[in-house]
Amino acid sequence: SMEYSARAMRCVNGGTVLPASQKIPYSNLVDSLSPRGLVSYLFFETKNLGPGEVLSPYLGVFPLFLAIVGVWKNWGNLWVRYAAGLAFAAILFSLGSYSLLYGLIYAIVPLLWMAREASRFLYLAHFGLVILVSFGAETLFSKGEVPSSWKSLNRAFLWLTVACAAALAA
């Protein structure tokens, strides 16, 4: 594998062939907002990104709700702050060339250019979100929570339901 890596070539956009040991020019990295946009967390959308590869940030509506509850109700916990920061940074990085964080880290971190696709960091974002979902599920389904602290959320869901019913009736 050491001999192969020294002689391996990689094809970059436009047919340019570079040795695997050479850094890919930043201008040759092509990313798009779809399907890696933040709206894709609510609506499942995939596109073929490469040879047989499909990546999507879709987690699900209910798990996303649980992650929000986990952050909202457990912000004082160190692990919740860590997981929220990890997920937020990984989502920003996975936006690729549309994110300032991507360009900054691409220029500073050595050998990060070996990871050609920023969207791979969605796996890290999902890891952080799953931790937040577990905290949210524990908070939502535990019996120790005082119902009065959920009044504002219940009121918001009531008006959302009324608005959706009115839109459906129209």
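The values are calculated or read from the model by the stated rules, or taken from the named source; none is laboratory data. For clarity, every value in this text was computed on a predicted model and none was experimentally measured. Here the Cβ positions follow ideal geometry from the backbone for every residue, glycine too, while neighbour counts run over all protein chains shown. Accessible surface is based on the protein model in full, side chains and every heavy atom, while ligands, DNA and RNA are left aside. Shrake-Rupley method; radii C 1.70, N 1.55, O 1.52, S 1.80 Å.
Quick check, is V54 under 30 Å from E138 (Cβ atoms) and either under 22 Å from the mean Cα position of the chain (by Cα) or at pLDDT 70 or above (or both)?
no
Scan (1) touching a residue at least 24 places away in the same chain (Cβ under 8 Å); (2) farther than 28 Å from M9 by Cβ; (3) open to solvent by less than 40 Å² (accessible area, probe 1.4 Å) for the single condition S99 breaks and write down its number.
(1)
Could you tell me whether the range 87-96 includes any residue that is modelled with pLDDT under 80, touching a Leu at 6+ places or on another chain (Cβ under 8 Å), surrounded by 16 or more Cβ atoms within 10 Å (Cβ to Cβ) and not in a helix (DSSP H, G or I)?
Yes; the residues of the range 87-96 include at least one that is modelled with pLDDT under 80, touching a Leu at 6+ places or on another chain (Cβ under 8 Å), surrounded by 16 or more Cβ atoms within 10 Å (Cβ to Cβ) and not in a helix (DSSP H, G or I).
So, in the range 112-132, exactly how many residues are part of a helix (DSSP H, G or I), surrounded by 13 or more Cβ atoms within 10 Å (Cβ to Cβ) and modelled with pLDDT under 80?
Final tally of qualifying residues: 5.
For V109, are the conditions met, namely being in contact (Cβ under 8 Å) with a residue 12 or more places away in the chain and surrounded by fewer than 13 Cβ atoms within 10 Å (Cβ to Cβ)?
No, not satisfied.
May I ask you to say which residue of L59, L168, L78, L64 is open to solvent by 30 Å² or more (accessible area, probe 1.4 Å), in contact with a His (Cβ under 9 Å, 6 or more places away or on another chain) and over 30 Å from L18 (Cα atoms)?
Only one candidate passes the filter, namely L59.
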